[in-house]
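The structure under discussion appears below in the form of C-alpha coordinates.
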Amino acid sequence: MALRVIGAGYGRTGTASLKLALEKLGLGPCHHMSEVLPSPDRVALWTRIGEGAAREDPSLWDTAFDGYESTVDWPSCTHWRELMAHYPDAKVILSRRDPGKWFESVNATILKPEVNAMMALSPMGPMLNANIWRLFDGRLDDRAHMMACFEKHCAEVIAGVPADRLLVFEASQGWGPLCDFLGVPVPDAPYPHVNSKEETARLMAMLADQAASGAASATQGFADDIYKGGRGNP
(Lines give C-alpha, C1' and ligand atoms only; values in the text may rest on other atoms or scores of the structure.)
Protein backbone atom coordinates (compact mmCIF):
# COMPACT_ATOMS: atom_id res chain seq x y z
CA MET A 1 0.00 0.00 0.00
CA ALA A 2 1.49 3.35 -1.04
CA LEU A 3 0.84 6.58 0.84
CA ARG A 4 -1.78 8.76 -0.82
CA VAL A 5 -1.42 11.81 1.47
CA ILE A 6 1.72 13.21 3.10
CA GLY A 7 1.21 15.68 5.93
CA ALA A 8 4.07 18.19 5.98
CA GLY A 9 2.82 20.31 8.89
CA TYR A 10 4.58 20.32 12.24
CA GLY A 11 2.90 18.94 15.35
CA ARG A 12 0.33 21.21 17.06
CA THR A 13 -1.04 22.51 13.77
CA GLY A 14 -4.24 20.49 14.02
CA THR A 15 -2.58 17.24 12.97
CA ALA A 16 -4.62 15.01 15.28
CA SER A 17 -7.83 16.49 13.88
CA LEU A 18 -6.47 16.11 10.35
CA LYS A 19 -5.67 12.47 11.06
CA LEU A 20 -9.30 11.82 11.98
CA ALA A 21 -10.53 13.86 9.00
CA LEU A 22 -8.45 11.86 6.53
CA GLU A 23 -9.67 8.62 8.04
CA LYS A 24 -13.25 9.86 7.79
CA LEU A 25 -12.63 10.59 4.09
CA GLY A 26 -11.43 7.05 3.42
CA LEU A 27 -7.70 7.83 3.45
CA GLY A 28 -6.85 5.87 6.56
CA PRO A 29 -5.39 4.47 8.58
CA CYS A 30 -3.40 7.67 9.05
CA HIS A 31 0.02 7.51 10.69
CA HIS A 32 0.66 9.92 13.59
CA MET A 33 3.11 10.30 16.47
CA SER A 34 0.42 8.97 18.83
CA GLU A 35 1.02 5.53 17.30
CA VAL A 36 4.81 5.74 17.50
CA LEU A 37 5.57 6.69 21.11
CA PRO A 38 3.88 3.71 22.80
CA SER A 39 5.58 1.18 20.46
CA PRO A 40 9.25 0.29 21.14
CA ASP A 41 9.53 -1.24 17.66
CA ARG A 42 8.26 1.92 15.97
CA VAL A 43 10.43 4.11 18.16
CA ALA A 44 13.46 2.06 17.11
CA LEU A 45 12.51 2.20 13.43
CA TRP A 46 12.00 5.97 13.48
CA THR A 47 15.28 6.43 15.31
CA ARG A 48 17.01 4.70 12.40
CA ILE A 49 15.07 6.76 9.87
CA GLY A 50 15.82 10.00 11.67
CA GLU A 51 19.51 9.13 11.68
CA GLY A 52 19.46 8.72 7.89
CA ALA A 53 19.01 4.98 7.37
CA ALA A 54 16.23 5.45 4.81
CA ARG A 55 18.65 7.23 2.49
CA GLU A 56 20.62 3.99 2.28
CA ASP A 57 17.58 1.73 2.38
CA PRO A 58 14.43 3.42 1.00
CA SER A 59 12.41 0.26 1.72
CA LEU A 60 12.29 1.48 5.32
CA TRP A 61 9.60 3.95 4.23
CA ASP A 62 7.38 1.07 3.16
CA THR A 63 8.08 -0.68 6.46
CA ALA A 64 7.20 2.44 8.45
CA PHE A 65 3.94 3.00 6.57
CA ASP A 66 2.87 -0.60 6.08
CA GLY A 67 -0.93 -0.62 6.34
CA TYR A 68 -1.27 3.20 6.18
CA GLU A 69 -2.71 5.34 3.39
CA SER A 70 -1.76 8.71 4.85
CA THR A 71 0.54 10.29 7.41
CA VAL A 72 0.54 13.52 9.42
CA ASP A 73 2.51 15.02 12.32
CA TRP A 74 5.99 14.18 13.50
CA PRO A 75 8.07 12.15 12.94
CA SER A 76 7.08 11.83 9.28
CA CYS A 77 6.61 15.54 8.50
CA THR A 78 10.34 16.09 9.03
CA HIS A 79 10.95 13.89 5.98
CA TRP A 80 8.41 15.37 3.58
CA ARG A 81 10.93 15.76 0.76
CA GLU A 82 12.01 12.12 0.89
CA LEU A 83 8.41 10.96 1.15
CA MET A 84 7.41 13.04 -1.88
CA ALA A 85 10.12 11.32 -3.90
CA HIS A 86 9.32 7.84 -2.62
CA TYR A 87 5.56 8.25 -3.11
CA PRO A 88 5.36 10.38 -6.28
CA ASP A 89 1.57 10.10 -6.60
CA ALA A 90 0.87 11.26 -3.04
CA LYS A 91 -0.60 14.69 -2.38
CA VAL A 92 0.90 16.96 0.28
CA ILE A 93 -0.99 18.85 2.97
CA LEU A 94 0.79 21.60 4.90
CA SER A 95 -1.22 22.13 8.07
CA ARG A 96 -0.33 25.40 9.74
CA ARG A 97 -1.49 28.08 12.19
CA ASP A 98 -0.39 31.45 13.53
CA PRO A 99 3.32 31.05 14.46
CA GLY A 100 2.90 32.71 17.85
CA LYS A 101 0.00 30.48 18.81
CA TRP A 102 1.93 27.47 17.53
CA PHE A 103 4.88 28.30 19.79
CA GLU A 104 2.64 28.79 22.81
CA SER A 105 1.06 25.41 22.15
CA VAL A 106 4.24 23.37 21.61
CA ASN A 107 5.99 25.15 24.49
CA ALA A 108 3.22 24.04 26.84
CA THR A 109 2.92 20.50 25.46
CA ILE A 110 5.00 18.38 23.11
CA LEU A 111 8.13 20.57 23.14
CA LYS A 112 7.94 21.73 26.74
CA PRO A 113 11.65 21.89 27.68
CA GLU A 114 11.42 20.23 31.09
CA VAL A 115 9.27 17.39 29.74
CA ASN A 116 11.63 16.82 26.85
CA ALA A 117 14.58 16.80 29.24
CA MET A 118 12.98 13.86 31.04
CA MET A 119 12.18 12.07 27.80
CA ALA A 120 15.75 12.54 26.58
CA LEU A 121 16.79 10.04 29.25
CA SER A 122 14.40 7.39 27.93
CA PRO A 123 14.57 5.08 24.88
CA MET A 124 12.38 7.64 23.13
CA GLY A 125 15.04 10.33 23.41
CA PRO A 126 17.17 9.38 20.38
CA MET A 127 14.08 9.11 18.18
CA LEU A 128 12.76 12.49 19.26
CA ASN A 129 16.17 14.11 18.84
CA ALA A 130 16.74 12.61 15.38
CA ASN A 131 13.33 13.62 14.05
CA ILE A 132 12.29 16.74 16.01
CA TRP A 133 14.65 18.38 18.48
CA ARG A 134 17.49 18.79 15.98
CA LEU A 135 15.20 20.96 13.83
CA PHE A 136 15.37 23.67 16.49
CA ASP A 137 19.04 23.45 17.52
CA GLY A 138 17.95 22.56 21.04
CA ARG A 139 16.53 26.06 21.59
CA LEU A 140 13.05 24.88 22.50
CA ASP A 141 12.38 27.77 24.89
CA ASP A 142 13.50 30.53 22.50
CA ARG A 143 10.24 31.97 21.18
CA ALA A 144 11.72 34.05 18.35
CA HIS A 145 13.95 31.20 17.18
CA MET A 146 11.17 28.61 17.30
CA MET A 147 8.78 30.85 15.37
CA ALA A 148 11.45 31.52 12.76
CA CYS A 149 12.06 27.78 12.37
CA PHE A 150 8.33 27.18 11.98
CA GLU A 151 7.95 29.85 9.32
CA LYS A 152 11.07 28.65 7.49
CA HIS A 153 9.68 25.13 7.36
CA CYS A 154 6.34 26.31 5.96
CA ALA A 155 8.09 28.45 3.34
CA GLU A 156 10.28 25.54 2.27
CA VAL A 157 7.28 23.25 1.82
CA ILE A 158 5.40 25.85 -0.21
CA ALA A 159 8.45 26.43 -2.40
CA GLY A 160 9.32 22.75 -2.69
CA VAL A 161 5.97 21.17 -3.58
CA PRO A 162 4.31 21.72 -6.99
CA ALA A 163 1.20 23.86 -6.55
CA ASP A 164 -1.11 21.20 -7.97
CA ARG A 165 0.18 18.71 -5.42
CA LEU A 166 -0.05 20.95 -2.33
CA LEU A 167 -2.79 22.17 0.01
CA VAL A 168 -1.91 24.77 2.64
CA PHE A 169 -4.57 24.16 5.26
CA GLU A 170 -5.77 25.45 8.62
CA ALA A 171 -8.20 23.47 10.72
CA SER A 172 -10.51 26.48 10.98
CA GLN A 173 -11.21 26.14 7.25
CA GLY A 174 -13.08 22.89 7.82
CA TRP A 175 -13.98 20.28 5.25
CA GLY A 176 -14.32 22.46 2.13
CA PRO A 177 -10.71 23.03 0.99
CA LEU A 178 -9.65 19.58 2.13
CA CYS A 179 -12.39 17.76 0.25
CA ASP A 180 -11.92 19.90 -2.87
CA PHE A 181 -8.20 19.12 -2.86
CA LEU A 182 -8.71 15.40 -2.41
CA GLY A 183 -11.68 15.19 -4.78
CA VAL A 184 -14.06 13.63 -2.28
CA PRO A 185 -17.55 14.60 -1.03
CA VAL A 186 -17.94 16.69 2.11
CA PRO A 187 -19.07 14.43 4.99
CA ASP A 188 -22.33 15.03 6.77
CA ALA A 189 -20.53 15.58 10.07
CA PRO A 190 -18.58 18.40 11.71
CA TYR A 191 -14.86 18.64 11.02
CA PRO A 192 -13.01 16.90 13.89
CA HIS A 193 -11.58 18.97 16.74
CA VAL A 194 -9.48 16.91 19.15
CA ASN A 195 -6.28 17.05 21.18
CA SER A 196 -6.59 20.24 23.18
CA LYS A 197 -3.50 21.91 24.66
CA GLU A 198 -4.57 20.96 28.18
CA GLU A 199 -5.11 17.30 27.30
CA THR A 200 -1.83 17.06 25.44
CA ALA A 201 0.05 18.66 28.32
CA ARG A 202 -1.36 15.96 30.61
CA LEU A 203 -0.33 13.25 28.16
CA MET A 204 3.21 14.60 27.83
CA ALA A 205 3.56 14.79 31.60
CA MET A 206 2.48 11.15 31.84
CA LEU A 207 4.96 10.16 29.13
CA ALA A 208 7.76 11.96 30.95
CA ASP A 209 6.87 10.22 34.21
CA GLN A 210 6.75 6.84 32.51
CA ALA A 211 9.91 7.41 30.46
CA ALA A 212 12.23 6.82 33.40
CA SER A 213 10.62 3.45 34.10
CA GLY A 214 10.53 2.43 30.44
CA ALA A 215 6.76 1.98 30.59
CA ALA A 216 5.57 4.69 28.21
CA SER A 217 3.15 2.23 26.64
CA ALA A 218 1.02 2.64 29.75
CA THR A 219 -0.21 5.92 28.28
CA GLN A 220 -1.67 4.31 25.15
CA GLY A 221 -5.23 4.22 26.46
CA PHE A 222 -5.06 7.84 27.50
CA ALA A 223 -3.62 8.82 24.10
CA ASP A 224 -6.38 6.95 22.33
CA ASP A 225 -8.94 8.83 24.40
CA ILE A 226 -7.43 12.17 23.36
CA TYR A 227 -6.90 11.41 19.68
CA LYS A 228 -10.14 9.53 19.09
CA GLY A 229 -12.45 10.99 21.67
CA GLY A 230 -13.44 14.13 19.78
CA ARG A 231 -12.72 16.64 22.53
CA GLY A 232 -10.90 19.93 22.62
CA ASN A 233 -9.19 22.08 19.99
CA PRO A 234 -6.31 21.27 17.65
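The values are calculated or read from the model by the stated rules, or taken from the named source; none is laboratory data. Everything quoted here is computed from the prediction, not taken from an experiment. Quick reminder, even Gly has a Cβ in these numbers, built from the backbone with ideal geometry, and neighbours come from all protein chains shown. Remember, those area values only see protein heavy atoms, side chains included, never the ligands or the DNA or RNA. Shrake-Rupley method; radii C 1.70, N 1.55, O 1.52, S 1.80 Å.
List of remarks:
- Measuring r between the beta carbons of Asp66 and Ala44 and using R0 = 25 Å, the FRET efficiency lands at 0.95.
- Surface per residue (accessible, 1.4 Å probe) for region 1-118, Å²: 36 Å²
- Ellipsoid equivalent to region 93-134 - semi-axes via the Cα gyration tensor, in Å: 22, 13, 6
- The modelled label-to-label distance for the pair Cys179/Glu114, using points 7 Å beyond Cα in the direction of Cβ, is 4.5 nm.
- Relative contact order of region 1-144, pairs being alpha-carbon contacts under 8 Å that are 6 or more residues apart, as %: 38 percent
- Estimated FRET transfer efficiency when R0 is 25 angstrom, pair Ala159-Asp57 (beta carbons, to 0.05): 0.35
- Segment Asp98..Glu151, full-extension length gain: 18.1 nm, with 0.36 nm per residue of separation and the alpha-carbon distance subtracted.
- Carbon + sulfur, % of accessible area of region 64-103 - ligands and nucleic acids excluded, 1.4 Å: 43 percent
- Rounded if a/c under 1.5, otherwise prolate or oblate - region 1-60, Cα gyration tensor axes: prolate
- Whether region 37-131 is rounded, prolate or oblate, judged on the alpha carbon gyration tensor where a/c under 1.5 counts as rounded: oblate
- Taking all protein chains as shown and a probe of 1.4 angstrom, Ile49 keeps an accessible surface of around 10 Å².
- Probe 1.4 Å, protein heavy atoms only - accessible area per residue of region 126-173 in square angstrom: 51 Å²
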